[in-house]
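One structure is given below, encoded as C-alpha cells.
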Amino acid sequence: MMRTTRVGAVAAAAGAVLALTSCGGGGITGDSGSGGGDTGDIVLGMVTPLSGSSAAIGPYMKNGAQLAVNEANEAGGVIGRQVKLVAEDGACDPKTAAAAAAKLVTAGTNVSVGGYCSSATLPTLSIFGKANIPMIIPAANSNDLLKDQHKNVFLLNGTGAQQAQAALDFMKKSGAKAIALVDDNTSYSKDITTRTAEDAKGDSALKVVSRESVTAGESDYSAAVTAILRANPDFVYWTGYYQEGGLLIKQLRAAGYKGDVMVADGSVDKQLITIAGKDNAQGVFATMTQTPQTIPGGDAWIAKYKKAFNADPGPYSTQSYDAVRVAVEAIKNAGSTDGTKVITALQAIDGFPIFSGKLKFTPEHTLSEGGFDILVVKGDGFVLNK
C-alpha cells in the first residue's frame, strides 16, 4: 500500500479527544463480558512486552495508551465513568502473553488495547474472545490474526500483506533485481516474507534469490549470511525484530555485503542501530507505519508526551494512544461496556480521526486506509525517506 497523506490528521485526532470523551449516558444495565456491571472504572487491558528482547517497545505503548486515558478522564470520562489502564507483560512470548491475558480477564477488562508481537498475541485471541472482550490491537499485524475471523478482533496497524507489498514496491522502485528474504520463523515475520515472495512471483523484473530463516535469540547467523552472499542479492529484507536484525546487519557487513538492507516494522527502534553498529546501520531502510517523529505536525503531540512522561515517544506510541481513543469512542457510541455492543460500535465507526487517517474498518476488521511509510537510518535514528 502506498503512503497515505496525513497532514492535518494529528490536529484532527487530538481535537477529537474532547468530543469523544463526553460524560453523557447514565446507568448501564446488562453488561456482558469480563468487566460486567455498570459502575466503577472502565478497565482497558494491555498485553505488551515489558521484559525480553522487545522490552524497549513496552513503555512506548503503555505510555501512549496512558496519555489517552489521562485525556479521557480529564474530559470527564465516558458514560459517566473513569477509565483505567491495566498493563501486563507479554514478553513477546506466547505462554507469558496467554497468562497475562487471563490475568486481565480476571481483573475485569472491558476492552483489550494491547498486542505487539503477533506470535504472542495469537493465543490471547481466544482468551479474550471467550470472555466477549473486544480487542483493538495497535501493533501486531500478521494476517494469521485474521485467519479464524474472531468477531472481537480489530487491527489498528497495517497488515502483513500491506507491508509486504510496500516493501516490494520500494525495492522495485529502487531498481532491485535480486532480493533475499530473511525471517525468524515467528508468525509475524514469516507472514511478511511469504507474502513478499508470493507477490514477487508475477514480476519478471525482480527475483527472490534467497529465503533464509534464523532462530530468534541466537547470536551467530553465519550460515544465513553465507547463503545470502552466495545468492548475490542487491537487497536484503529482514522481517524479524531489532535484536536479531541488528546482529544480522552487523554480520552481513562484516562478511562484505555491500548491497541495500531493509527491515520490517518490528526492527524500527534505535536499539537496531546500537546492535548493528552506527556505521553499519546507516542507509538501512524500513517499512513502518507512522512514528511520532515522522508524522507531519506531530511536534505538539510529542511535546505533550514528553511533558507527561519525561521521555521521548517511540514506535507504537501513537497507535496505542489511538487504540484507547477508539475504545473510548466505541464505548461512548455503544452507551455501554457490553462486549457485543462495543463490537457493533467498532464495526460502525466511519471517519473517526486517528493518526493514520480517518478510521473505517474493513469487513475483515483491518484498516481501510493507512499503510506503510519507508524510513531510513540517518545518524542515530530512523527518518522518513524522501
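Only residues of the stretch 218-259 count here: report those whose backbone N is under 20 Å from the spot 7 Å along Cα→Cβ of LYS177, or say none. The answer is 228-237, 257-259. Projecting the Cα atoms of TYR237, GLY259, GLN293 onto the charge dipole of the stretch 205-355, computed from C-beta unit charges around the Cα centre, puts GLN293 farthest toward the positive end. Counting only aspartates and glutamates at least 8 places from LYS258 when in the same chain, those with an alpha carbon closer than 13 Å to its own are ASP234, ASP279. Listed by chain and number, the lysines whose C-alpha is less than 30 Å from the C-alpha of LYS304, apart from same-chain residues fewer than 8 away, are LYS62, LYS84, LYS270, LYS278, LYS332, LYS358, LYS360, LYS378, LYS386. According to the square roots a ≥ b ≥ c of the eigenvalues of the Cα gyration tensor, what is the shape class of the stretch 49-107, taking rounded for a/c under 1.5, prolate for a/b larger than b/c otherwise, and oblate for the remainder? It is oblate, given that a/c is not under 1.5 and a/b is not larger than b/c.
Note on the chain: with charges restricted to the Cβ of Lys and Arg (+1) and Asp and Glu (-1), its dipole about the Cα centre is near 500 debye.
Stokes-Einstein at 37 °C, 0.692 mPa s, Kirkwood radius from Cα pairs: D for the stretch 320-386 in µm² s⁻¹? My calculation gives 240 µm²/s for D. Mind giving me the FRET efficiency for ASP169 and THR39? R0 is 51 Å, r the Cβ-Cβ distance, nearest 0.05 is fine. The formula returns an efficiency of 0.50 here.
A full extension of the chain between SER204 and ALA55 corresponds to an added length of 49.5 nm, given 0.36 nm per residue minus the alpha carbon distance. Taking every alpha-carbon pair in the chain and binning the separations at 10 Å intervals from zero gives 5, 25, 33, 23, 10, 3, 0 percent.
FRET efficiency for the pair ALA107 and LYS151, taken as 1/(1 + (r/R0)^6) with r the Cβ-Cβ distance and R0 = 25 Å, rounds to 0.65.
Each residue of the stretch 204-210 was assigned a 3J(HN,Hα) from its phi angle through the Karplus curve 6.51 cos²θ - 1.76 cosθ + 1.60 (θ = phi - 60°); the sequence is 6, 8, 9, 10, 7, 9, 7 Hz, with glycine and proline shown as x.
Each peptide among 321-333, 108-120, 45-57 gets the average number of other Cβ atoms lying within 10 Å of its residues, and from highest to lowest they stand as 108-120, 321-333, 45-57.
Spin-label pair LYS130-SER213: with each label point 7 Å from Cα along the Cα-Cβ axis, the two points sit 2.8 nm from one another.
Taking a ≥ b ≥ c as the square roots of the eigenvalues of the Cα gyration tensor, the stretch 143-273 is classed as oblate, since a/c reaches at least 1.5 and a/b does not exceed b/c.
Distance between the 7 Å Cα→Cβ label points at ASP279 and ALA308: 4.1 nm.
Report, in debye and to the nearest 20, how large the dipole of the stretch 318-386 comes out about its Cα centre when Lys and Arg carry +1 and Asp and Glu carry -1 on their Cβ.
Charge dipole of the stretch 318-386: 120 debye, to the nearest 20.
Would you list, by chain and number, the aspartates and glutamates whose Cα falls below 12 Å from the Cα of LYS151, excluding same-chain residues fewer than 8 positions away? Of all the aspartates and glutamates, those that pass the test against LYS151 - Cα under 12 Å, at least 8 places apart if same chain - are GLU364.
Every number in this text was worked out from the coordinates using simple rules, so none of it is lab data. All values reported here derive from a predicted model rather than from experimental measurement. All Cβ positions, glycine included, derive from the backbone under ideal geometry; neighbour counts span all protein chains shown.
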